[in-house]
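First up is the structure itself, then whatever we jot down about it.
The values are calculated or read from the model by the stated rules, or taken from the named source; none is laboratory data. In this text, all values refer to a predicted model and were calculated from it rather than measured experimentally. So basically every Cβ, Gly included, is an ideal-geometry build from the backbone, and we count neighbours across all protein chains shown.
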Amino acid sequence: MKQCPICFETLVMIDCAPCDDCGWREIERDHLAQGIHVYNVYHVYEELQLTLCNFCDADFSSYHPEYWGLAWDKRLALTCFTFVKQVSDPVMIKDKFCPTCAHRLSFLNVLREVRDRNH
């Protein structure tokens, strides 16, 4: 995939920490190197999975439901997630990134799918 599934901007390849939400940020890459965060894989919506650090999983409900294409009273939150597994030996990975949306492709694909299922 060469274009963002949300805004169609050209994607760029970058190094990322395992968190699908904030792993693109330099601070999170530093946190990975320092071993600050734990990374878990969750089913966040039906069978759709995201890997989240222990900060982003706790803060995930700060996304407004409308951002995901959900009704105003249907937040995606840690209390609704299904734990799949903890990432053992987390390492830096390559992923595509949208500079306009400021998210990794792994996150954007889940976002697109949740929106599509709710429209």
Enumeration of residues in region 19-54 that are among the hydrophobic types (A, V, I, L, M, F, W, C) and in a strand (DSSP E or B): 41, 44, 48, 50, 52, 53
Filter result for residue 53 (in contact with a strand residue (DSSP E or B) (Cβ under 9 Å, 6 or more places away or on another chain) and without any contact (Cβ under 8 Å) to a residue 40 or more places away in the chain): yes
Residue 84 vs. criteria hydrophobic (A, V, I, L, M, F, W, C), more than 22 Å from residue 6 (Cα to Cα) and assigned to a loop (DSSP other than H, G, I, E, B): no
Members of region 28-53 found to be surrounded by fewer than 19 Cβ atoms within 10 Å (Cβ to Cβ) and either closer than 19 Å to residue 110 by Cα or hydroxyl-bearing (Ser, Thr, Tyr) (or both), listed by number: 41, 43, 46, 47, 48, 49
Condition broken by residue 25, with the remaining ones in (1) under 15 Å from residue 114 (Cα atoms); (2) surrounded by fewer than 18 Cβ atoms within 10 Å (Cβ to Cβ) satisfied: (1)
Residue within region 93-111 that is closer than 28 Å to residue 34 by Cβ, more than 15 Å from the chain's Cα centre (by Cα), among the small types (Gly, Ala, Ser) and surrounded by fewer than 18 Cβ atoms within 10 Å (Cβ to Cβ) present: no
Residues (without any contact (Cβ under 8 Å) to a residue 24 or more places away in the chain and exposed (fewer than 12 other Cβ atoms within 10 Å of the Cβ)) located in region 72-92: 72, 73, 79, 88, 89
Number of positions in region 87-119 that are of a type outside the set (D, E, K, R) and not in a loop (DSSP other than H, G, I, E, B): 12
Cβ pairs under 6 Å, 6+ apart, first in region 4-22 and within 22 Å of residue 57 (Cβ to Cβ) and modelled with pLDDT of 95 or more, second in a loop (DSSP other than H, G, I, E, B) and β-branched (Val, Ile, Thr): 18/87
